[in-house]
Protein chains: 2
Amino acid sequence: MSAKRNDFNHRPTIYDVAERAGTSYATVSRYLNGRSGVAASTAKRIEQAIKDVDYTPSAAARSLAQQRTHLIALIIHARSEDIITDPNIMQIIASANARVTREGWQMVTLMSENDGESRANIERLVSGGFADGYLLYTMEEDDPLLPLFERRSMHAVISGTGYHQQPPFVSVDVDNAAAMSELIRYVLTGETHSTGGDADDADTTDTTAGDATAALRRTRPAYICGPLNMPGAPERLAAFRAVTGELLPDSADSLPVHYAADWNTTSAAAAVRAWAEDGTLTTRDAIICANDTLAVGAIEELHRLGYDVPGDVAVSGFDNSSAATSITPQLTTVDQHMERRGWVMAGLVIDQIRDADKNGDRNGDRNASADDAGNTDDAGAAPSKTVMLATDLVIRESA
Amino acid sequence: MSAKRNDFNHRPTIYDVAERAGTSYATVSRYLNGRSGVAASTAKRIEQAIKDVDYTPSAAARSLAQQRTHLIALIIHARSEDIITDPNIMQIIASANARVTREGWQMVTLMSENDGESRANIERLVSGGFADGYLLYTMEEDDPLLPLFERRSMHAVISGTGYHQQPPFVSVDVDNAAAMSELIRYVLTGETHSTGGDADDADTTDTTAGDATAALRRTRPAYICGPLNMPGAPERLAAFRAVTGELLPDSADSLPVHYAADWNTTSAAAAVRAWAEDGTLTTRDAIICANDTLAVGAIEELHRLGYDVPGDVAVSGFDNSSAATSITPQLTTVDQHMERRGWVMAGLVIDQIRDADKNGDRNGDRNASADDAGNTDDAGAAPSKTVMLATDLVIRESA
DNA sequence: ATGAAAGCGCTAACAG
DNA sequence: CTGTTAGCGCTTTCAT
C-alpha cells in the first residue's frame, strides 16, 4: 500500500495516487478504468489524489498489461518527393484522423521514404505490436508490410496500388478506369450523363457512353501518363486505350502517349514541347493528363508556346486538387474525394477491431461489416473485401 | 527456462526464443540489445531461434522496462482546414522525419484539430510518456502542451507563433519581420542587397535598406494580412507598418490593410474587389500579401477585373510554395525554407535527449548544443534558446 | 467495496 | 559467459 517507488524526481505512478488516497492501487486502477465497485467516497478521494500528484497513467505499462495500445497507425510509404508533392496525402491523413478520433482512438502517422532503414524500423514497430490497427497507403506493388500483417493476423486496411487483388486484405480505392473513361468521353464527345460541374455534388458517376458515332469535339487525344507504379496510373492509362479504341478505332494505335517518370509539372511540359514541335497543335487536339499537376505543367507550357486553352487545345486533369482551380483556365478533372478515403479506411479498421473484440478474437477476422463510400454511418452492410469510392466528373474550363 | 506462456495463438515472446535456443531469456535479451557477453555459438542458436519462431520484441514491454520509447513525436496543432491547406506542414513532417530516422529514432506524427477531445487525447498520451521527445508545431498562442512539457521536464522543441518569448523552451522560427521588410523594400524601391532571384541560393538575407529618399517604384502599398493568431502573421504585418512608416512617412497611416480571416484565396479576392471598387488601381499600387495563397487569390481577382500583374499592379507573396511558380506571373516572394525547419527541430530534440542521457538526467537539461540553421552537422555551437532560420528573397515576375 | 497477488514481456543488476 | 532475480507501471482475477 505504501508507495513502492518514491525515488527522487520520478513521474507519479498509480502507487503514489493510491498512497495519497489511502487505498490500494487496485482500487485506483478500477476507478481509472471506470470499473464498477468503487465507493463514491473513495472515488472522490482518488480523484483528488490524482490531481494532487498530477498523475497520468503510463502509456507503455497500460499497453503491456491490457495488450492494447488504443492507437491506430496510418503508414505512408512513398518517396519523399512524392510525399511533399502529393496533395492527396494530407487529405487522407486529416480525414483518417478525424474518424479515428471520433471513434475514440488515437491516430499516429508513420512516414517512410523508400530507404531501407526507415522501412525496417517501421516493420519492427508494427511487428512489435505498436498499434491496434493499421492503415496503409502505399505506392508499392509488393509492400513488405503486407506479409507481416498477414502472418500476425493484424487488423489492417490498405489503399494504393491495386490491392483489391490481394485476397486477405480489406482495401479502399476508387474506380480509376471508370472515372477516367467518363472524363475522356466527355472531353472527346462533350457528353456526360452525370451532373458534373460542381465538385460539391455527391452523385455517383455514371459511365454510360454517348453514341460512339457522334461527331467528336476532339479527334486527336494525347495522353500524359504518370509513373506506372503509382496508384491508379496503369488503370487510367488503360482507360485511355479503351475509350480511344472505341471512339477512334482507326487512329487509336498511333495516338501520342508520354510516359512521365514523375508527377512534376516539368515532365508534362517536356511532353508538350515535343508534341508542339512535331507539328502544330490544333483544335483537334486534347491532352489528357493522368493528374492535375501534369495538367498544370501542360497548360503552362502551352501558354508559353502561345497556345490558348481550351481555345486551341483542350487539357484535362485528374484529382481535383487545389491546383485545379488556381490555374487559368480552371481544370476539367475528376474528383476522387480523397477526403473520404481516410475516413472510410479508418472506419473499416475500427470495425475489424470491434468485431474481433466481440468475438473474443485477439487476432482479426477481417470479414467485418463495411460501410459504403458515401455512407458515413456504419449500417451493417454486407461483408466486403474492397470498397470502391465514388468519383465525380468536374467540368470546368480547360476541356 | 521453459516457456512460461505457450497459450495458444499468441505472438511469440522472448521466452519462446529462449526455449528454442536452449538458453535463458536473459541471454536472449543480451543478444537483442547487443550487449557483450554472449558466446558466438549461443548467438548463432538464438539468431536461428528468432527466425524460427518469427520473433519481434514487444514495443510496449521494451518501453516499460527501459523507460524509453525510441519515438520522437511531431505534434501538429491547427484547424483541419489549415492542415490541408498549409503547404508547409508536409515539408516539416518530411524533413523532421528524415532527420529523426537518420539519427536512429522513429518519428510519429500526431495531428489535432482544435476540438477538445482530440486535444485531451494527445495530452494524455504525452503525459503518459508516449515518446522520448516532442516537436510541436502549433498555431496557438498558449498551447496547453507547453505547461505540460514544462511540468514534466520533457524534451521538446517548439515552432509556430512567437514562442521565442517563452523562456524555458527551445524554439525554431524564421525572422518574419526581417524577411518581410526586405521583401517590401524590394517591391517599393526595386533595391536589394541579397542575391535574390533564385530560390536555390542559400545566402543569408541582408536587410540593409536602400536610400529611403530614392524615388519609389510603387507609392501606394496595400497589405493583405493573414489570421493574426497564425505563425508569423503579426510580425509580417508589423514589418509592413515599419517599412511603410519609414519609406512613406506621410501616407503610411492611411494605407489600406485587409485583415483576412483565413489564408484562402477567396479572402484575398474579396479584399482586391473592395479596393478596385474604391478607385482604380494604378501602377502606383502594390499589394503585399501575407502569404502565397493570398497572393494567388489577389492575382486571380485582378485578372478577373482586367488588371495586368505586374504591369498595372504589383503583388507579392510569402512562403515560396509550389503555388508561387504555378501561377502566371510567377510570384515574387520569400522562401522560408520549411524543408529545413523540421530537420533542425528534430536535430535539437535529439541533442537534448542525448545530452540528458550523457549527464544521467532522465529529465532534460535544455541547454544542449544547437546546430545553426544552414549547418547540417552538429558542430558544438553555443547554447541557444531559439534558433532563427535564414530566409531568402525570391524575385520573380509579380513584383 | 476493496486488498492481495499474479502476470503482461522485457531489461538490468547480481551472482556464479 | 550465463542463469537468477527483481523490477518497469498497470490490469485483472480471486478472495475477503
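The values are calculated or read from the model by the stated rules, or taken from the named source; none is laboratory data. None of the values given here were measured: they were computed from a predicted structure. We place every Cβ from the backbone using ideal geometry, glycine too, and count neighbours over all the protein chains shown. Areas reflect the complete protein model, heavy atoms only, side chains present, ligands, DNA and RNA absent. Shrake-Rupley method; radii C 1.70, N 1.55, O 1.52, S 1.80 Å.
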Subject >> Distances in nm from A:GLU123 to the matching label points in the other copies, shortest first (labels 7 Å along Cα to Cβ) >> reply: 4.0
Subject >> Derived scalar couplings ³J(HN,Hα) [region A:332-338; Karplus, 6.51 cos²θ - 1.76 cosθ + 1.60; whole Hz; x for Gly, Pro] >> reply: 7, 7, 10, 9, 9, 6, 4
Original post:
For region A:14-66, what class follows from the C-alpha gyration tensor (a ≥ b ≥ c being the square roots of its eigenvalues): rounded when a/c is under 1.5, otherwise prolate if a/b is larger than b/c, else oblate?
Top reply: oblate
**OP:** Rounded to the nearest 0.05, what FRET efficiency do A:ASP52 and B:GLU141 give with R0 = 30 Å and r taken as the Cβ-Cβ distance? Could you check?
**Re:** 0.55
Subject >> Relative contact order computed over region A:14-66 (Cα-Cα under 8 Å; 6+ residues apart), in percent >> reply: 36
**OP:** Report, by chain and number, residues whose modeled amide H sits under 5 Å from the one on A:THR386, excluding near sequence neighbours (fewer than 5 apart, same chain).
**Re:** A:SER171
**OP:** Could you tell me the accessible area of B:THR13 in Å² (1.4 Å probe, neighbours in place), rounded to the nearest ten?
**Re:** 40
Subject >> Extended-chain gain in nm, criterion 0.36 nm per residue less alpha-carbon gap, B:GLU81 and B:THR219 >> reply: 46.1 nm
Original post:
Measuring from label point to label point, each 7 Å out along Cα→Cβ, what is the B:GLU397 to A:ALA252 span in nm?
Top reply: 4.0
Original post:
What are the nm distances, shortest first, from A:THR266 to its equivalents in the other copies, labels at 7 Å along Cα→Cβ?
Top reply: 3.5
Original post:
Applying 1/(1 + (r/R0)^6) with R0 = 35 Å to the Cβ-Cβ distance of A:ASN33 and B:ASN33, what FRET efficiency is obtained, to the nearest 0.05?
Top reply: 0.60
**OP:** Kindly write out, for region A:23-32 in residue order, the coupling ³J(HN,Hα) from the Karplus curve 6.51 cos²θ - 1.76 cosθ + 1.60 (θ = phi - 60°), rounded to whole Hz, with x marking Gly and Pro.
**Re:** 9, 8, 5, 4, 5, 4, 4, 4, 4, 4
Original post:
Copy-to-copy spacing for B:ALA238, label 7 Å out on the Cα-to-C-beta vector, in nm, shortest first?
Top reply: 5.9
**OP:** Please find the FRET efficiency linking A:ARG151 to A:ARG354, where r is the Cβ-Cβ separation and R0 is fixed at 35 Å, and quote it to the nearest 0.05.
**Re:** 0.95
**OP:** Could you work out the local net charge near A:LEU294, counting Lys and Arg as +1, Asp and Glu as -1, over the other residues with Cβ closer than 12 Å to its Cβ?
**Re:** -4
Original post:
What is the average number of partner chain Cβ atoms found within 10 Å of a Cβ in A:115-123?
Top reply: 3
Subject >> Simple label model, 7 Å out from Cα along Cβ direction - B:HIS10 to B:ALA40, nm >> reply: 3.6
Original post:
Counting Lys and Arg as +1 and Asp and Glu as -1, what is the net charge of the other residues whose Cβ lies under 13 Å from the Cβ of B:ALA269?
Top reply: -2
**OP:** Let me know the mean shielding of B:129-137 by other chains, meaning the per-residue number of their Cβ atoms within 10 Å of its Cβ.
**Re:** 2
